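In what follows, a structure is listed as structure tokens, so that the remarks can point back to it.
What follows draws every value from the coordinates through simple rules; no lab data is involved. Please read all numbers here as calculations on a predicted model, not as lab measurements. Here the Cβ positions follow ideal geometry from the backbone for every residue, glycine too, while neighbour counts run over all protein chains shown.
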């Protein structure tokens, strides 16, 4: 995919660059759509930019669209896309009070602090991402039942993943601050591989479904052609283990891209600085295995199992 031209959205609203608000004619949900939390994940920016360019407005409430790490995105090079993931640090690991209120300085922390008021007030958050490896789309919910139920109701292409976040920092999806924090709906979409054209299709479809489910508009009020056929319901994956690299000497013992089901407990799937990584139970599902950002402390794969369906 070709990275989008975001120059038309630079001025922003509420005195915040690359943040735009659209209000409906009646009270309703406060929806925040975020893209480019990682500067090399362009599918969400394509969908968000197209939504703004279409002139779309919610029927009720307010929808805010934020292009987040635009400084990293400005350095995007399709030949080395991982180089523009962030400038100083991963922007999706700084969303804890101690980081946001602390004395740290970085490009990503400064931008997160500028965006924090919009996150604080939103009742519904959809954070648009994509993945290093070719993989089926995922909807990350966290563990709260309200998020799991909302994601299940979307019937989008993303398989639901229930997890507790990352060991190396707090994601925006997991941030609970602000007056809406205690009841906020917050989902993170992994739309597919970063540069695969299908990722933009998934981002548009999920965004449209999210706006309808949140109450911003009716089904016939989303941009034409965005909605794809509803996906069949699949059992969510419950993440139970995170495999964290101890150092640079980490390698997988197979070609894994995500979604693989390892039949037997005790199967070695990787070597972590000389120690085997073993599946903890039968029918273990691998979630987002990747070595693209390998260093000590980084999650290289998550391990889960299919949840029981009611």
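For the stretch 115-175, the convex hull spanned by the alpha carbon atoms encloses 105 Å³ per residue. By other beta-carbon atoms within 10 Å, ranking 248, 1 with the fewest at the front produces 248, 1.
When each of 67, 118 is scored by the number of other beta-carbon atoms lying within 10 Å, the sequence from fewest to most is 118, 67. For the stretch 54-202, the spread of Cα positions along the three principal axes, ordered from largest to smallest, is 37, 37, 36 Å. Here the stretch 4-44 and the stretch 253-294 have alpha carbon centers that stand 37 Å from each other.
For a test of the definition: using alpha carbon positions, the gyration tensor, and the 1.5 limit on a/c, classify the stretch 265-307 as rounded, prolate or oblate. Please report the intermediate quantities before stating the final value.
Details: a/c = 2.93, a/b = 1.41, b/c = 2.07.
Oblate, since a/c reaches 1.5 and b/c is not below a/b.
Let me check against my output: what whole-number percent is the relative contact order of the stretch 7-64, with C-alpha pairs under 8 Å and at least 6 apart? Averaging sequence separation for qualifying contacts and normalising by length gives 44 percent for the stretch 7-64. Per residue, the convex hull around the alpha carbon atoms of the stretch 237-306 comes to 72 Å³.
Taking the C-alpha atoms only, the angle from helix 145-154 to the longest principal axis of the chain is near 70 degrees. Between the Cα long axis of helix 107-121 and the first principal axis of the chain there is an angle of about 60°, rounded to the nearest 10. The Cα-based radius of gyration and maximum Cα-Cα distance (Dmax) for the stretch 11-122 are 14.7, 46 Å.
Provide the percentage of antiparallel DSSP beta bridges, counting only those with both residues in the chain; round to the nearest 5. Before the final figure, lay out each step's value.
Details: 29 of 53 bridges.
Here the antiparallel bridges make up roughly 55 percent for the chain.
Averaging Cα coordinates gives a centre for the stretch 78-143 and one for the stretch 178-245; these two points are 16 Å apart.
Across the stretch 201-270, the mean sequence separation of Cα contacts (distance under 8 Å, 6 or more residues apart), normalised by length, yields a relative contact order of 23 percent. With respect to the chain, whose longest principal axis is taken over its alpha-carbon atoms, helix 42-53 is tilted by about 10°.
Going by how many other beta carbons lie within 10 Å of each one, how would you line up 138, 195, fewest first?
So the residues, fewest neighbours to most, are 195, 138.
For the chain, relative contact order (Cα pairs under 8 Å, six or more residues apart, normalised by length) works out to 17 percent. Global size of the chain: 18.8, 61 Å for Rg and Dmax (C-alpha atoms, Rg to one decimal, Dmax whole).
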